[in-house]
């Protein structure tokens, strides 16, 4: 059950971060269908689960995308307001809205994680727990190998 708590944020992170990373790297954003298909390969989803996950991931991507854009605009505006003739009221208003957006995105993340967790059966959660444990172990091993290579090369 402990690993289930680790997996759910990972699924939500997948929904949030994979598209963002792909965009930053100049690649195409993986479609919701691709994300659902990846989960299906891991735990053999039924059609109802696929549809529900598709709906949830589409909803969250749309909501987060618009909020991220607004947050980026606010950060840019705040940066442009730096100078000797600053407008404190405007800075505070933009900073407050940025804080509100961050809070909204955090709440959305927790809510979607809870909704996604509810889609899976206990058996599927167990399968995902195992997959997450394996991924975590592989990542730790890769990090150790990279550290060893850096120590040997430096």
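Only the coordinates and a few stated rules stand behind these numbers; no lab work does. Keep in mind it's a predicted model, so treat the numbers as computed, not measured. Please note: Cβ atoms are built from the backbone with ideal geometry, for glycine as well, and neighbour counts cover all protein chains shown.
Here are a few things to note about the model shown:
- By the beta-carbon count within 10 Å of each Cβ, the least crowded to most crowded order of 78, 53, 98, fewest first, is 78, 98, 53.
- Estimated inter-spin distance, residue 42 and residue 114, nm [label 7 Å along Cα→Cβ]: 2.2 nm
- The calculated FRET efficiency for the pair residue 34 and residue 140, based on their C-beta separation and a Förster distance of 22 Å, comes to about 0.25.
- Set against the 2.2 N^0.38 Å expectation for a compact globular protein, the range 75-154 has a Cα radius of gyration ratio of 1.93.
- Segment residue 87-residue 58, extension gain: residue separation times 0.36 nm, minus the distance between their alpha carbons: 6.6 nm
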